[in-house]
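Just so it is clear, none of the values below were taken in a lab; they were calculated from the coordinates. Model, not experiment: these values are computed from the prediction. Glycine also receives a Cβ, built like all others from the backbone with ideal geometry; neighbour counts cover every protein chain displayed.
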């Protein structure tokens, strides 16, 4: 495959054409914060955490493919500020109450707040009144904790092939839905596989019967599953 | 040596942050040499004193009394610290924010749910339409995350301030919940 030369944080590197900036950064051991990205699923640039600077323009590194002579900066004061503001907006948009959450201490959103040094949420909290669907016999979807990363939608379509999950509405009105908006328990296409639970980065999609801080997830299972399928 | 004047206040929270403060254990003995607690739920002072060096605020701003008092506290304190998730984010108390105050009070006290069947409106302060984190009402200098913040984080912040340094709260110090 054709190799392309780019400069990333001042360092000249070559990578196969078609690689994304995020992939190249990972290969080089350069950390870029991510939230909606998961190895094994397609990238959609939903969360905007992985932004980088390409010649002064801010782009999502998970969806931007490298091009010859590209100059990429993965970390700067401006990027740190934008990422933190973005994170604050995610926190403010729904009702994230870590102390009461089943995913407390095992949450990618909570971890990111630590990693990015978010001292507090400066933007006003929206406090929307949102629903919780516990109609499925094994799982729950709590919209209060959903960050609209779309991992559930992608894993269900791309790995399980069931296409149960979708996103309805736009902007702050957007919601993850099961089968065109019916109760999850009535969704006949659902195979009860639980992959959406494992990949959900927060406490939005969880197993029933868990108390605060008891829900541990393993998104890497999906990554491994996808790798093994491709290698067979 | 003049002691540093420290106050702690308790707004809409469960007292867990104050418990965590007490969990400083033997560090409290060292702190007692250097600080004087001039106002706290465990100190019998009615008025919030003047010239306070550091005030630790536990709890969110949930009613009119909190709203008035927190502004007085800001005027009388050099440094204000939001202690714990309720003060920093609104946390559990703010879970009522999607519900109107009337609907909330009706839900709790209305429809003969209590023996008197009335909504309390005397003596207790009026609830604000929305519970707010402290920084939405006054300027906050430092934020201690956690429900409650670990005693080590409270200690780290206080010791840094006593040494005239800026508390360096990074990584897991910033964990909510």
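Within a 10 angstrom radius of the beta carbon, how do B:5, A:78 rank from fewest other beta carbons to most? Walk me through the numbers on the way to the answer.
Numbers: B:5 20, A:78 13.
In order of increasing Cβ crowding within 10 Å: A:78, B:5.
Provide the FRET efficiency to the nearest 0.05 for the residue A:186-residue A:12 pair, computing r from the beta carbons and using R0 = 51 Å. All intermediate terms of the calculation are to be shown ahead of the outcome.
On the way: r = 56 Å, r/R0 = 1.09.
FRET efficiency, residue A:186 to residue A:12: 0.35.
Using R₀ = 60 Å, calculate the FRET efficiency as 1/(1 + (r/R₀)^6) where r is the Cβ-Cβ separation of residue A:214 and residue A:77; round to 0.05.
On the way: r = 39 Å, r/R0 = 0.64.
E(calc), rounded to 0.05, equals 0.95.
Any idea what angle helix A:220-231 forms with the longest principal axis of chain A, computed on alpha-carbon atoms, 0 to 90 degrees, nearest 10?
60
Does anything in the stretch A:114-158 have its amide N under 14 Å from the 7 Å Cα→Cβ label point of residue A:172, and if so which residues?
A:123-130
Listing A:184, A:165, B:10 from the residue with the fewest other Cβ atoms within 10 Å to the one with the most, what is the order? Walk me through the numbers before you get to the answer.
Values: A:184 22, A:165 25, B:10 18.
Fewest to most other Cβ atoms nearby, the residues stand as B:10, A:184, A:165.
What full-extension length gain, to one decimal in nm, is calculated for residue A:28 and residue A:207 as 0.36 nm per residue of separation minus the Cα-Cα distance?
Details: separation 179, 0.36 × 179 = 64.44 nm, distance 3.64 nm.
The span from residue A:28 to residue A:207 would gain 60.8 nm if fully extended.
How much length would be gained if the chain were fully extended between residue B:63 and residue B:126, taking 0.36 nm per residue of separation minus their Cα-Cα distance, in nm to one decimal? The partial results should precede the final answer.
Details: separation 63, 0.36 × 63 = 22.68 nm, distance 0.56 nm.
Computed gain between residue B:63 and residue B:126 is 22.1 nm.
Tell me, what is the percent relative contact order of chain A, built from C-alpha pairs under 8 Å that lie six or more residues apart?
Values: 414 pairs, mean separation 46.6, N = 232.
This gives 20 percent for chain A.
What distance in nm separates the simple spin-label points at residue A:111 and residue B:104, each placed 7 Å from Cα in the Cβ direction?
My value for the distance between the label points is 3.4 nm.
Mind jotting down the distance between the C-alpha centroids of the stretch B:134-177 and the stretch A:112-165, whole Å?
28
Could I have the simple spin-label model distance between residue A:44 and residue B:166, label points 7 Å from Cα toward Cβ, reported in nm to one decimal?
If labels sit at residue A:44 and residue B:166, their model points lie 3.9 nm apart.
Give the angle, between 0 and 90 degrees and rounded to the nearest 10, that separates the Cα long axis of helix B:64-76 from the longest principal axis of the Cα atoms of chain B.
That helix lies at roughly 20 degrees to the long axis.
Rank the residues B:29, A:6, A:205, A:182 as a footprinting-exposure proxy: fewest other Cβ atoms within 10 Å of their Cβ go first. List each step's numbers first, then the result.
Numbers: B:29 9, A:6 20, A:205 29, A:182 13.
Final ranking by Cβ density, sparse to dense: B:29, A:182, A:6, A:205.
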